[in-house]
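Below is one structure, written out as structure tokens, with a few remarks after it.
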Amino acid sequence: MAEQRKVEYRQLEAGYQFPPSGCRVDAATVSAYLGAVEETSHLYRDTGLVPPMAVAARVMASLSEHISFPAGAIHVSQELEFINTVSTTDVLTSHARVARKQDRGKLCLLTIDLNVFNRAKKKVLAGKTSFILPGTG
Amino acid sequence: MIDLSEIQEGMNLPEIKKVVRQENINRYAEASKDFNPIHIDADYARQTPLGGTVAHGMLILAYLSQMMTAAFGESWVTGGKLNVRFKAPARPGDTITASGKIRRVEKSGDRNLVNCEVLCKNQNEETVITGEAIVGVKDNENSG
């Protein structure tokens, strides 16, 4: 797979739109996820349903493929809305946009809006994620 | 799963307790494709201010989602909302308790919007995650 070109977080500004990112959360990934978090709900056993937090995790990882975060970046808050179910055969596209970048002396607060759609262009997940990073001023 | 007729303000949700293990963190890294060395490389992590590996915040958040799934089933998966702050890292060996309390229930059309205060604490009673979760439960769901 080609290496994604990462954007240095200092270059980001409010309104910056990351390139859309395609992904799937297939049955093997769901199985690995369920094992990792020790989730035993019958909802996910042989149903093809993807746990929404597995979708969120995958989307967050896609985001980190686009941004170059320094050591010491802290994930401080997370909003998530589970809108429609996702199955292991769905092809998803996630869209991310810088909602806010605020320098506060030695620190910088970066907030990114996330929206995930299925192939039918139905929104399946929305969210907002915030990080504290070394200041860019 | 909680029966709709049982839902009332002030009610505690059934807790979930999990021991954070490095093995689980490694598996989570594989599943999420998040291979940040602070989570999986002990040598690297030892030399950072954290002094050792820590779990992905999203892994610990998954425990809260799991608690909500156990309480509200499909209603959570198709209409849940989380808004949380990560307050402290969770480390291998920590025991995390995910808990929640129903703050209020509001009628909205054919749904009941259940607003919960949610929390993850470690074995030392330190808050790891705090925030709120909202789930819409239809009148004919979570009943009987």
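So A:THR85 fits all but one of (1) within 12 Å of chain B (Cβ to nearest Cβ); (2) within 11 Å of the chain's Cα centre (by Cα); what number is the exception?
(2)
Determine the pairs where a residue that is within 16 Å of A:PRO70 (Cβ to Cβ), located within region B:28-55, has a partner that is surrounded by fewer than 17 Cβ atoms within 10 Å (Cβ to Cβ) and aliphatic (A, V, I, L, M) with Cβ atoms under 8 Å apart, the partner being 6 or more residues away or on another chain.
Note: pairs meeting the criteria are B:ILE38/A:ALA71; B:ILE38/B:LEU50; B:THR48/A:ALA71.
What residue, of A:LEU109, A:LEU34, A:LEU133, is farther than 23 Å from B:GLN22 by Cα, buried (at least 18 other Cβ atoms within 10 Å of the Cβ) and of a type in the set (A, V, I, L, M)?
Testing whether each residue is farther than 23 Å from B:GLN22 by Cα, buried (at least 18 other Cβ atoms within 10 Å of the Cβ) and of a type in the set (A, V, I, L, M) leaves just A:LEU133.
For region B:8-25, what are the residues that are more than 19 Å from B:LEU119 (Cα to Cα) and surrounded by 15 or more Cβ atoms within 10 Å (Cβ to Cβ)? Before you say what the answer is, go through the steps one by one.
Initial filter on region B:8-25 (more than 19 Å from B:LEU119 (Cα to Cα)): B:21-25.
Scanning region B:8-25 gives B:ARG21, B:GLN22, B:ASN24, B:ILE25.
(1) open to solvent by less than 40 Å² (accessible area, probe 1.4 Å); (2) under 22 Å from B:ASN122 (Cα atoms); (3) within 13 Å of chain A (Cβ to nearest Cβ); (4) within 21 Å of the chain's Cα centre (by Cα): which one isn't true of B:THR53, the others all being true?
Only one criterion in (1) open to solvent by less than 40 Å² (accessible area, probe 1.4 Å); (2) under 22 Å from B:ASN122 (Cα atoms); (3) within 13 Å of chain A (Cβ to nearest Cβ); (4) within 21 Å of the chain's Cα centre (by Cα) is unmet by B:THR53, namely (3).
Restricting to region A:1-39, name every residue that is in contact with a helix residue (DSSP H, G or I) (Cβ under 8 Å, 6 or more places away or on another chain), at negative phi and in a loop (DSSP other than H, G, I, E, B).
Kept after step one, since they are in contact with a helix residue (DSSP H, G or I) (Cβ under 8 Å, 6 or more places away or on another chain), are these residues of region A:1-39: A:4, A:6-7, A:18-19, A:21, A:23, A:25, A:29-30, A:32-39.
Applying the additional criterion that residues be at negative phi yields A:4, A:6-7, A:18-19, A:21, A:23, A:25, A:29-30, A:32-37, A:39.
Selection gives A:GLN4, A:LYS6, A:PHE18, A:PRO19, A:VAL25, A:GLU39.
Can you tell me which of (1) more than 25 Å from B:ILE134 (Cβ to Cβ); (2) free of Cβ contacts under 8 Å to residues at least 24 places away in the same chain is the one A:ALA27 doesn't meet?
Here A:ALA27 clears every test but (2).
For A:GLU79, state whether it is open to solvent by 50 Å² or more (accessible area, probe 1.4 Å), more than 9 Å from chain B (Cβ to nearest Cβ) and touching a residue at least 24 places away in the same chain (Cβ under 8 Å). Give the steps one after another, and end with the answer.
Values: open to solvent by 50 Å² or more (accessible area, probe 1.4 Å): yes; more than 9 Å from chain B (Cβ to nearest Cβ): no; touching a residue at least 24 places away in the same chain (Cβ under 8 Å): yes.
When the stated conditions are applied, A:GLU79 does not pass them.
Which residue pairs have Cβ atoms under 8 Å apart, sit 6 or more places apart or on different chains, and have a first residue in region A:51-74 that is at the interface with chain B (Cβ under 7 Å from one of its Cβ atoms) and a second that is assigned to a strand (DSSP E or B) and of a type in the set (Phe, Trp, Tyr)?
Note: pairs meeting the criteria are A:PRO52/A:PHE82.
The values are calculated or read from the model by the stated rules, or taken from the named source; none is laboratory data. Keep in mind that this is a model prediction, so the values were computed, not measured. Every residue, glycine as well, gets a Cβ built from its backbone with ideal geometry; the counts of neighbours run over all protein chains shown. Surface areas here come from the heavy atoms of the whole protein model, side chains and all, with no ligands, DNA or RNA. Shrake-Rupley method; radii C 1.70, N 1.55, O 1.52, S 1.80 Å.
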